[in-house]
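Only one structure is covered here, and it is reproduced in the block below.
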Amino acid sequence: MAASLNGGSKVAGIVARAQALFDDLSFTTAREWKAASPERKVIGYMPIYVPRELIHAAGMLPLGVVGGGDSLEVIHGDAYYQSYICRIPRSTIELGVSGRLDFVDGMLFPSICDVIRNLSGMWKMMFPHVYVRYFDVPQNYKDEIGGNYYIQELVELKEALAELRGKPITDDELRHSIAVYNENRRLVRDLYAFRAQKPWQTPASEIYLLMRAGLVLPVEEHTVMLRDYLAAVAVEERPRRDNCRVVLTGVFCEQPPLNLIKSLELAGCYVVDDDLQLVTRWLTSDCPVEGDPLRNLALAFLHHSESTAAKYEPDLAEKGQHLVRAVKRTNAEGVIFACPSFCDPALLDRPMLQHVLKAANIPFIAFKYAENSGQMQPIREQAGTFADSIKLWSAA
Amino acid sequence: MSTVITTPKAAPKQVSKDDSMVKQKEMMAGHFDRLTDSPQTGKKVCNTFVPGNLNELIMCFDLLNNLPEVNAIQSGLRRQSGAYVLEAEKIGHSEDVCTYVKSDIGMMAKGNIGPNGKRMPDPDVLLLSYTGCFTFMKWFELLREQYKCETIMLHTPYMGDGKITPNMIQYMVKQLKEEVIPKLERVSGVKFDIDRLREYLKKSVKAEDDLVKVLQSAKTKPSPIDAYFGGIYYIGPMFGAFRGTQDAIDYYSFLRAEVEERIAKGLGPVTPDGDMGKEKYRLVVEGPPNYTNFRQFWKMFYDEGAVVVASSYTKVGGVYDLGFRHDPDNPLETLAEYCLGVYTNRNLPQRIDMLANYINEYEADGLLINSIKSCNSFSAGQLLIMREVEKRTGKPAAFVESDLVDPRYFSAANIKNRLESYFQMVEQKRAGAAAAA
């Protein structure tokens, strides 16, 4: 779609490549990367965050697995879950049992919710030849308490990956990987900042596809893609519409269909910030390269990482302020809560965040979706009405 | 003019209770009175959760232990939770999320009246024992927003690899020493005394020993107890505000004697309709019960002669039957180990092992899963659990669905049909086995 809109431009070419990666549920690029050398291994991970630097330092490819989207027919996966459980675990199981992940040597299941947590145990049983780890992170943010715990968790993961590759991971390898990911995160931040300034130049659907590409490509290749896109999109003229500016939140785990993101823009909303693919910018500033790399990663997690529903906020006054700051930073005019059905973290957090927004006089709307939602008309109508009402208020 | 025909109301049916149940109810009622009287007595209140309930530690600070899950259960049993859940949904909580949370929030919105008809106290501190359930974290963030009181996070790492590592213990002990205890001292004004904690822990061990004897009495045929429906009464004091007290020691000693007497007489469990009669089916049950129709649900079992001989739900507050005991010699480490080991903090393979072992050890006819709509901690993965336990034991398994305290998700006819089909399946298995022998 984006490619056809932009004809044969450089932007269109980059977006077409990202779209092809997005559409490929067999992960051909990652398979080809692995096939290029017999010692190569691929480690899958689910939302929200894993320290990809460790996987990279082991010479392995981190592969983001975020469900099957709306084009995967779930046949086996539904047999593992009751109707009242979200869709991402069932489509992820589908990817597994259908052989689409048969080249993956390990899977990491981060601490995000009880469903993903329990999926880690299921994966252990269903795919016993695969290295499986539930990746826990601290909910205590003091260096000597949560920090020490987390460092030891990183040590365990590092040792397990070293065992998989057959030799230890050195500190220098880790430092190099931290530098590589720092560069990638800087470009992601640049891209988000550019979009906040000129959202008409960078449609949300394109940014989304670029971030999704970051889940399957080697990071170095993704960095080049981001740099090329930023350079190309800055010089391409695109029509500026009379859209309102919104922050999209709640979409950090099960993915909304691409059509949903497009529908928001078609309904008159420029998405100027979001919590999609948080792993690509989880650390909010550069992680120091010098010194003890695991300690640096741990401290970055404790003190310089994104706020989201899966993290405990120890300070009541700070609860939800990340959203208010996002609105101010991006000059947004409202917030759209889009939460997956049956998503405990997003749906339990939502009322608290809405209270904070209300106190800050920031308008919002809310709806639910599933990764395979097909009907966009109700969402388009709701978002359109929201956009219209914002414009009316702004004019008053 | 219309004629109104009225029928005389039938006298309420007498519900049978054994003496231990009467005693347990008195204990629980006394605790609710202590809570609702706290504004007058000046006692401070600590809200916390059943899994990871550090009652011995809480008592060291003269705090009263208030468990929101238990309040939601009480609301469910009294048929009040439906209105509370609706109230919470009216004020913006999703229909998809945990109904314990919504019952609690709705109860607050409607005046926070406890089971004794008096207003429940506002907590002085929220001890967020984040153990085995992600929702707990959000629940206490929601309560903190309401009460704006001190909130203490105690993060229990999940046993993803099925083992407790030294790193986990150190992390938890450090949280206890540097976060939990100093904050509880500050809120309560009571200095922490580790010897006082040791004394409470010694008392816990005595009660834990007797609880295990009671739970394992179900290995006898016929089983003298129902380890799910009856078991919920048995675990009440241990999982609630009594572990570490003389009251708990007395209760479990009394209960054990009562159960041993039933074994000696060859009796089965006491049900609300009296003695159960002939034991026809022995089941292991996974998952919490439904509380809005608790007796109706139980009746579907005992009417068929089905007794639950072991259940996972009665292990959410500790796996004493697997050998865990609080250790007074290592008071903080033992609290950490306790939190880490509770059933919902165990990974899926461990849960499967436990259920399959129960079926073998208790000579059960099969596994029944009551899958709870709003409890992902229990429910996600249960279909795999069912298939795996069936495969390992060769015993049939069945699956029913309901909810904790939301009456909209209890369909009596559906559950009854499923259970009847299941019992037929057990009969067929037996017939098949007999024919093959």
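The values are calculated or read from the model by the stated rules, or taken from the named source; none is laboratory data. Please read all numbers here as calculations on a predicted model, not as lab measurements. Here the Cβ is made from the backbone with ideal geometry for all residues, glycine too, and neighbour counts use every protein chain on show.
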query: Looking only at strands (runs of 3 or more DSSP E) that fall completely inside the range B:299-402, which ones have 2 or more residues that are over 19 Å from the mean Cα position of the chain (by Cα)?
result: B:397-402
field: Selected residue [free of Cβ contacts under 8 Å to residues at least 60 places away in the same chain, surrounded by fewer than 21 Cβ atoms within 10 Å (Cβ to Cβ) and either among the hydroxyl-bearing types (S, T, Y) or assigned to a helix (DSSP H, G or I) (or both)] from B:E261, B:E199, B:E279
entry: B:E261
query: When you go through (1) among the acidic types (D, E); (2) within 26 Å of B:F239 (Cα to Cα); (3) away from chain A (no Cβ under 14 Å); (4) buried (at least 17 other Cβ atoms within 10 Å of the Cβ) one by one for B:D406, which number turns out not to apply?
result: (3)
- prompt: Hey, does the range A:137-146 have a residue that's acidic (D, E) and either buried (at least 24 other Cβ atoms within 10 Å of the Cβ) or in contact with a Phe, Trp or Tyr (Cβ under 8 Å, 6 or more places away or on another chain) (or both)?
  reply: no
task: Would you tally the residues in the range A:89-115 being within 11 Å of another protein chain (Cβ to nearest Cβ), outside any strand (DSSP E or B) and in contact (Cβ under 8 Å) with a residue 60 or more places away in the chain?
output: 5
- prompt: In the range A:275-293, what residues are in contact with a Ser or Thr (Cβ under 7 Å, 6 or more places away or on another chain) and either surrounded by 19 or more Cβ atoms within 10 Å (Cβ to Cβ) or within 25 Å of A:D70 (Cα to Cα) (or both)?
  reply: A:D275, A:L278, A:W282, A:L283
message: What's the number of the only condition in (1) of a type outside the set (F, W, Y); (2) in contact (Cβ under 8 Å) with a residue 40 or more places away in the chain; (3) buried (at least 20 other Cβ atoms within 10 Å of the Cβ); (4) not in a helix (DSSP H, G or I) that A:D242 fails to meet?
response: (3)
- prompt: With respect to the numbered conditions (1) facing chain A (nearest Cβ under 10 Å); (2) crowded, with 24+ Cβ neighbours inside 10 Å, which one is the sole condition not fulfilled by B:Q350?
  reply: (2)
statement: Residue pairs within 6 Å by beta carbon, gap of at least six or interchain, first lying in the range A:116-127 and within 7 Å of chain B (Cβ to nearest Cβ), second of a type in the set (S, T, N, Q), listed first then second, are A:G121/B:N347
- request: Kindly indicate whether any position in the range B:82-100 is assigned to a strand (DSSP E or B) and at pLDDT 95 or above.
  value: no
- line: Within the range A:133-169, the count of residues that are more than 22 Å from A:P314 (Cα to Cα), facing another protein chain (nearest Cβ under 9 Å) and touching a Pro at 6+ places or on another chain (Cβ under 9 Å) comes to 2
message: Would you confirm whether or not the range A:53-70 contains a residue that is out of contact with any helix residue (DSSP H, G or I) (no Cβ under 8 Å at 6 or more places or on another chain), at pLDDT 95 or above, more than 7 Å from every other protein chain (Cβ to nearest Cβ) and under 20 Å from A:V42 (Cα atoms)?
response: no
- prompt: In the range A:328-367, what residues are under 26 Å from A:F194 (Cα atoms), assigned to a loop (DSSP other than H, G, I, E, B) and not small (G, A, S)?
  reply: A:T330, A:N331, A:E333, A:N361, A:I362, A:P363
message: Scan the range B:110-121 and tell me whether some residue there is of a type in the set (A, V, I, L, M, F, W, C), more than 14 Å from chain A (Cβ to nearest Cβ), over 20 Å from the mean Cα position of the chain (by Cα) and not in a loop (DSSP other than H, G, I, E, B).
response: yes
- request: Among the candidates B:Y302, B:Y320, single out the residue that is closer than 16 Å to B:Q216 by Cβ and at pLDDT 95 or above.
  value: B:Y320
task: Give the number of residues within the range A:166-175 that are surrounded by fewer than 16 Cβ atoms within 10 Å (Cβ to Cβ) and part of a helix (DSSP H, G or I).
output: 2
field: Index of the failed condition, B:G277 passing every other in (1) more than 20 Å from the chain's Cα centre (by Cα); (2) at pLDDT 95 or above
entry: (2)
query: Which condition number does A:A16 fail, the rest of (1) on the phi > 0 side of the Ramachandran plot; (2) more than 19 Å from the chain's Cα centre (by Cα) being met?
result: (1)
- request: Tell me, yes or no, whether the range A:109-117 has at least one residue that is hydrophobic (A, V, I, L, M, F, W, C) and surrounded by fewer than 24 Cβ atoms within 10 Å (Cβ to Cβ).
  value: no
message: Against the condition surrounded by 19 or more Cβ atoms within 10 Å (Cβ to Cβ) and within 14 Å of another protein chain (Cβ to nearest Cβ), how does B:F136 come out, does it pass?
response: yes
